[in-house]
Amino acid sequence: MDKREAVRVPVQVRARCRSHGTVIDGLVEDVSWNGLFLRASSSIGEGTAAELDLELPGEETLRLAVEVVRIERRGDEIGMGLRFVGRRERTRPLANFIMRQHQASR
């Protein structure tokens, strides 16, 4: 059973994650109001705070505060589950994007 509090929608958008001098470019696979999953070639540790630049189509790039909540490895592929923290992530562009993607995936 899925314990997530919010519906996740599949997406394919670019993002850049930064923490303590490390910069990771990746592809967001899914997003919800609470967080997202970023596929990349490297990762930062669980529990690490970071900033994420999320490139939403048709919108300005959003800068969001995140925390790494899990790391998944499949062979050479690495993914990070990121949870939005603070208040800045509660933006209208993010909410509108999630709504559009959810409707398109139905």
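Please enumerate the residues belonging to the stretch 67-90 that are surrounded by 18 or more Cβ atoms within 10 Å (Cβ to Cβ) and at pLDDT below 95. Selection gives 84, 89. The requirement of being surrounded by 14 or more Cβ atoms within 10 Å (Cβ to Cβ), farther than 12 Å from residue 15 by Cα and out of contact with any strand residue (DSSP E or B) (no Cβ under 8 Å at 6 or more places or on another chain) is satisfied by residue 59.
Could you say whether any residue in the stretch 36-48 is touching a His at 6+ places or on another chain (Cβ under 9 Å) and among the hydroxyl-bearing types (Ser, Thr, Tyr)? Yes, some residue in the stretch 36-48 is touching a His at 6+ places or on another chain (Cβ under 9 Å) and among the hydroxyl-bearing types (Ser, Thr, Tyr). Quick check on my filter: what residues within the stretch 1-59 are among the basic types (Lys, Arg) and modelled with pLDDT of 90 or more? Residues satisfying the conditions are 14, 16, 18, 39.
The values are calculated or read from the model by the stated rules, or taken from the named source; none is laboratory data. Computed from a predicted structure; not experimentally measured. We place every Cβ from the backbone using ideal geometry, glycine too, and count neighbours over all the protein chains shown.
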